[in-house]
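First comes the structure, then the notes that go with it.
Only the coordinates and a few stated rules stand behind these numbers; no lab work does. Predicted model, so just to flag it, every value in this text is computed and none were measured. Glycine gets a Cβ as well: all are built from the backbone with ideal geometry, and neighbour counts include every protein chain shown.
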Amino acid sequence: MEKAKAQHESINTVTSWLKELSGIGLGIVAVLYVCGYLVHTIYYRLLGVDVGAQPLNYLTFSGDYLVSIFISVPQLFSMFSEYCSYLFEKCLWLSILLCLMNLICILALKRYWFDNWKLKLAICLLIAFAAIPITLAEINILKIQNVLQPFLPPEIQGAGEQTNHEKLQLLNARIELVRTSYKEHHTKQGISVPGFEEWKRWFSPLTSNNELERIRFYLALLQVNIVFLITLIVTFWARGTGRFSKIIIVEVIIGLTLILLLFPCIYATLGRVFLFPVVTLELKTEKSKDSNKPTNNQLVAEKGVIKENDKEQKVIETHPLFLIFQDESEIIVYDRINLFQLKRLPRSEVLKIKQLYKSSPFRNCQLDEDDFIPCETLWIKEETPILNF
């Protein structure tokens, strides 16, 4: 009888352990899903692209997020001298100071004054005030969006009308037009656009060290968030009992929620490496019946004629583009040479995708910082015509 009772108790113990482990596993999966969803949403919002996704995509993005944090932690020590000055922006240093003061109060509470209500009140206030600079700085970063199309619609439309001139159909003239558009946006047109200063600092290809700026500010925010997270954990562990302990529990839950919701968005904005494949596409389009005399563009870009359902269709090859997104139904490309256009193409129209190399639309591939050359135009003949497909 006692043996059966012991077996029954052991089975109950194992069952309870399995339930706890399954609950922990489900919680981890839920957190990863939320992080991946936030990274995916903010990343494509930043690029100005509306795409759908499957749960597996969210888990992939959350995996990238976790890997980025693990890789960045050693850089907090090796690159401290490079990003420490960024801690003085947005009063981030104040959050670190308040967290340290909070830890000192906890130490004093544990070693000297075990039930001092003034210290407990100070701990509650320090946690609340430490969260404010971090939250405001991260929310301010979320203003940045549409970094691939930094111009307002009227500006793009006005510049697009200029490309109809025959002289602007060649590569060199189009590069000059893109360069001029960026410079005008820097000096005149972009001042009133929300998030303009952040775009200019972190994503404008005319800013030579924009990638390093993003890394430094990302590391500064990562350090502040880690210090704040450690403070929350220690405070929760030392909360004790009484009315202030309940307030501390609420503050810890709010603080962890802020970290969970906001820092993945910071990673999507500043922590990711913005490298995209530079590709040329072979597209099939309907052959115009009245196009007896082809233009210069058609002479260079047309690859041939195919027949489909008794209809003639011509095959064209595009100039180099940035491949932003692709799935089974469509691809999205960034056609900066045609003045910052994001184009959605059905997969049925794309015959071939030829990858040339990888690059970033936020880099300047001209060694001279006073000049600008789009990276997707490298190794292209100067007389190449630009086809607006």
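The Cα-based radius of gyration of region 18-94, divided by its Kirkwood radius, gives an Rg/Rh of 1.12. Please go through the residue pairs Lys143/Lys352; Lys352/Lys381; Lys183/Lys284; Lys200/Lys352; Lys284/Lys381 and name each one whose alpha carbons sit more than 29 Å apart in this structure. Long pairs (Cα-Cα over 29 Å): Lys143/Lys352; Lys183/Lys284; Lys200/Lys352.
Residues whose amide H falls under 5 Å from that of Ser359, counting only those 5 or more places apart or on a different chain, are Phe276, Val278, with hydrogens built in the peptide plane. Annotation: peptides 355-364, 79-88, ranked by per-residue average of other Cβ atoms within 10 Å with the highest first, follow the order 355-364, 79-88.
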